[in-house]
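In what follows, a structure is listed as structure tokens, so that the remarks can point back to it.
The values are calculated or read from the model by the stated rules, or taken from the named source; none is laboratory data. On a predicted model such as this, the values are computed, not experimentally measured, just so you know. Positions of Cβ are backbone-derived with ideal geometry, glycine not excepted, and every protein chain shown enters the neighbour counts.
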Amino acid sequence: MTTVIKLGELCGAIGAALALISPLAFYVFRYFKGLSRRLDTLEKQNVSQQKSIELSLEERRMLLKGVFACLDGLHQKGCNGQVTHAHNELNNYIINAIHKGETNENHS
């Protein structure tokens, strides 16, 4: 009879422990599932932002080319003063940017 009672007490203790642990396990599962969803959302936003950055860089390159072409044309037509100053500054900026790009590529 003692063995049956002890076995019953053991089953009751295990059942009580499972009753206490299961809500906690469910909460932990739900928490990590939500965390996983948020990480997926952040990864999608990161990809979207990276595409926007690349598009923005290409747009700025095109604008820079257009401005340089205009300044270069005015400079070749003999416009002096601010045109020459801006042309020289932009030319130096482009040369420095290219040099920095080559330097960064060599270190990568």
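Considering only segment 79-108, how many residues are polar (S, T, N, Q) and at pLDDT 85 or above?
In the first step, residues of segment 79-108 are kept if they are polar (S, T, N, Q); the result is 80, 82, 84, 88, 91-92, 96, 103-104, 106, 108.
The next check asks that each one be at pLDDT 85 or above; those that pass are 82, 84, 88, 91-92, 96.
The total comes to 6.
Can you name the condition, by its number, that ALA19 falls short on among (1) at pLDDT 90 or above; (2) loosely packed, with under 10 Cβ neighbours inside 10 Å; (3) not aromatic (Phe, Trp, Tyr)?
With respect to (1) at pLDDT 90 or above; (2) loosely packed, with under 10 Cβ neighbours inside 10 Å; (3) not aromatic (Phe, Trp, Tyr), ALA19 is out only on (1).
Could you pull out the residue among VAL28, VAL4 that is at pLDDT 85 or above and assigned to a helix (DSSP H, G or I)? Please lay out each step first, then the result.
On the way: VAL4 fails: at pLDDT 85 or above.
Being at pLDDT 85 or above and assigned to a helix (DSSP H, G or I) holds for just one of VAL28, VAL4, which is VAL28.
Results for (1) of a type outside the set (A, V, I, L, M); (2) in contact (Cβ under 8 Å) with a residue 12 or more places away in the chain; (3) closer than 21 Å to ILE98 by Cα, shown as yes or no for each residue.
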residue: ASN46; (1), (2), (3): yes, no, no
residue: ILE53; (1), (2), (3): no, no, yes
residue: SER56; (1), (2), (3): yes, no, yes
residue: GLU59; (1), (2), (3): yes, no, yes
residue: MET62; (1), (2), (3): no, no, yes
residue: LYS65; (1), (2), (3): yes, no, yes
residue: PHE68; (1), (2), (3): yes, yes, yes
residue: ASP72; (1), (2), (3): yes, yes, yes
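Does segment 29-57 hold any residues that are more than 18 Å from the chain's Cα centre (by Cα) and closer than 30 Å to ASN92 by Cβ, and which are they?
Filtering segment 29-57 for residues more than 18 Å from the chain's Cα centre (by Cα) gives 29-34.
Listed by number, the list is empty, since nothing qualifies.
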